[in-house]
Amino acid sequence: MALVKPVSKFSPRIGNPRIPVGTRFSTVRMSSTAAPPPAAAKNPKKGQKQEIQETLLTPRFYTTDFDEMEQLFNTEINKKLNMDEFEALLQEFKTDFNQTHFVRNKEFKEAADKIDGPLRQIFVEFLERSCTAEFSGFLLYKELGRRLKKTNPIVAEIFSLMSRDEARHAGFLNKGLSDFNLALDLGFLTKARKYTFFKPKFIFYATYLSEKIGYWRYITIYRHLKENPEYQCYPIFKYFENWCQDENRHGDFFSALMKAQPQFLNDWKAKLWARFFCLSVYVTMYLNDCQRTAFYEGIGLDTKEFDMHVIIETNRTTARIFPAVLDVENPEFKRKLDRMVEINEKILAVGQTDDIPLVKNLKRIPLIAALASELLAAYLMKPIESGSVDFADFEPRLVY
Ligand SMILES: [Fe+2]
Ligand SMILES: [Fe+2]
């Protein structure tokens, strides 16, 4: 899974308390409530569990209608399931190309010790958010693997093998946190976090996009740092080249799943939903990243250029399977995204004032209306008709 979630609400980001640099190892928990963290969290003692405030833009955990999933993958009911294709995909997953890839070395800790100041804080946040997003994929795929075992053992095994990959990714990121004397309490996260329910059709759209955008984010960072090694401040990025191939394979599997469910791709409703999910995922990433420019600048990237590159490439890839996509290469689309960033910054600024909650909410109303109007305008831009055919013109290339 990638580092984003579909947009639902744009709300001010609440301050995220961090462990001071130099404290001993602590276990980090993410609270599922909006309550302020306990006072003790500000000064954790050795080995003490610490709560980190969850924000509304934190990557989410998903659940779905597993009974409907079973019906969709029942070969007796759905004659369009191309089991030869799934068998071939299963063999690819079984090959396990990255079995020996995620091996750490002493460079990690040494590099982490050299990262200090605000960049250290932002690095920790990057690792936490990435770990949570990967772990979210692990939980969903693991459950799908379990629930589909009887109905369709081949598809079920692919889900289980994808959960293996995501567990590996999450584990590697969590090990990265240990370089900063932290660890996410994943057992606690599993139990304590709220799960967002999506019908299977929406799980397909959202997860496909999430995997493909994850692929483009990882490969773009990898290529950039290969060309500009002076910004290679932490070795995890060196692993992104093989890592992103896992995400690409996961996305291709969802593409095969959607092809086997043409009712999710071939009517006007599918086109509307496809555009909605594209917009949600792109806008969420853009707003999230524009709040964290220090991280991207810290590795030598221009945040907006990086994001636009990722959006354009993801959109081109997505056009191979979705029946409609957004015209993200139209300069007006970026102008709208930039206006959303400006409005979002104003919303965040309201949250940081000393006003009472009622006044803050009143001040937010016109801003949220302005944001909604920009979103709607972006959604209503003339879309690009697309679909499940081979597009030679959509070969990947670096556009910045
Ligand atoms: Fe993935
Ligand atoms: Fe992953």
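The values are calculated or read from the model by the stated rules, or taken from the named source; none is laboratory data. The structure displayed is predicted, hence computed values, not measured ones. No Cβ is skipped: glycine too gets one built from the backbone with ideal geometry, and neighbour counts run over all protein chains shown. Side chains included, ligands, DNA and RNA excluded: accessible areas come from the protein's heavy atoms. Shrake-Rupley method; radii C 1.70, N 1.55, O 1.52, S 1.80 Å.
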*Inspect segment 168-189 for any residue being touching a His at 6+ places or on another chain (Cβ under 8 Å), assigned to a helix (DSSP H, G or I), open to solvent by less than 20 Å² (accessible area, probe 1.4 Å) and within 13 Å of ligand 2 (Cβ to nearest atom) and give the result as yes or no.*
no
*Which of (1) over 18 Å from residue 207 (Cα atoms); (2) modelled with pLDDT of 95 or more does residue 267 not meet, given it meets every other one?*
(2)
*Residues satisfying the stated conditions in segment 146-167, i.e. closer than 15 Å to residue 89 by Cβ, in contact with an Asp or Glu (Cβ under 7 Å, 6 or more places away or on another chain) and away from ligand 2 (no atom under 13 Å from the Cβ)*: 148, 154
*List pairs: first in segment 137-164 and closer than 14 Å to residue 63 by Cα and open to solvent by 10 Å² or more (accessible area, probe 1.4 Å), second among the polar types (S, T, N, Q) and within 11 Å of ligand 1 (Cβ to nearest atom), Cβ under 7 Å, 6+ apart or cross-chain?*
138/163; 142/163
*Between a first residue in segment 241-267 that is assigned to a loop (DSSP other than H, G, I, E, B) and a second residue that is among the polar types (S, T, N, Q), which pairs have beta carbons less than 8 Å apart while being 6 or more apart in sequence or on different chains?*
260/78; 260/82; 261/78; 265/388
*Return only the number of the condition from (1) in contact (Cβ under 8 Å) with a residue 40 or more places away in the chain; (2) in a helix (DSSP H, G or I) that residue 233 does not satisfy.*
(2)
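I need the full set of residues from segment 87-110 which are part of a helix (DSSP H, G or I) and within 25 Å of the chain's Cα centre (by Cα), in order please.
Residues satisfying the conditions are 89, 90, 92, 93, 94, 108.
Quick one: in segment 190-225, of everything that is of a type in the set (S, T, N, Q) and part of a helix (DSSP H, G or I), which residue is nearest to residue 315 (Cα to Cα)?
210
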